[in-house]
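All remarks here apply to the structure that follows.
Taken together, the values in this text are just the output of simple stated rules run on the coordinates, not laboratory data. As the structure is a prediction and not an experimental result, all values here were calculated from the model.
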Amino acid sequence: MPRRPHLTPVAILLATGLAGCGYGAVEVTPHEPEPGSADVCAALRDALPDTVDDAVRRDVDPSSEYVAAWGQPPIVLRCGVAMPASYRPDAQLFEVDGVGWLADEGEGGLFFTAVDREILVEVAIPEDYAPEANVLGDLATAILDTVPERALQ
């Protein structure tokens, strides 16, 4: 099972240190997307907003077609992820502007996965961003416009 990246203070400090006086690229764990997700993820990447919850979009390092980031500390979106191990057919989802999200606690924040989509999208939101619905709401239009819905089982 793939390991989730952690929102650790070390990663946040490293990104801050590399940024100097501005926000540089966010260092991310390389992400190998699920097979068949390339076209949908490319469309999503092109539709993503420049800001979420007033956090400005940033480059990622290494550069990736499947990962996007905003703000400091960084909010990180990964497209084409596997179904989270915590998902169950009766899982409680958070519906935000038409997208069903499964929430998982992670080190330093929460991970939300849009599990009602054919290609799964994960958003790691550091504790600094509350309520998380602001971030998820800002991403909803891009997801609804580019990632087909699927029936949950």
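Laid out as a table, the results:
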read-out	value
Segment A25-M83, extension gain: residue separation times 0.36 nm, minus the distance between their alpha carbons	18.1 nm
Relative contact order of the stretch 25-146, defined on C-alpha pairs under 8 angstrom at six or more residues apart (%)	26 percent
For the stretch 38-44, Karplus couplings with θ = phi - 60° (6.51, -1.76, 1.60), whole Hz, Gly/Pro x	4, 5, 5, 5, 5, 5, 4
Gyration tensor over alpha-carbon atoms, the stretch 25-146, equivalent ellipsoid semi-axes in Å	19, 17, 14
Centre separation in Å (Cα based) which lies between the stretch 23-96 and the stretch 106-152	8 Å
Backbone HN-Hα couplings from phi across the stretch 127-144 [Karplus 6.51/-1.76/1.60, Hz, Gly and Pro as x]	4, 4, 9, 9, x, 5, 4, 4, 5, 5, x, 5, 8, 4, 4, 4, 5, 4
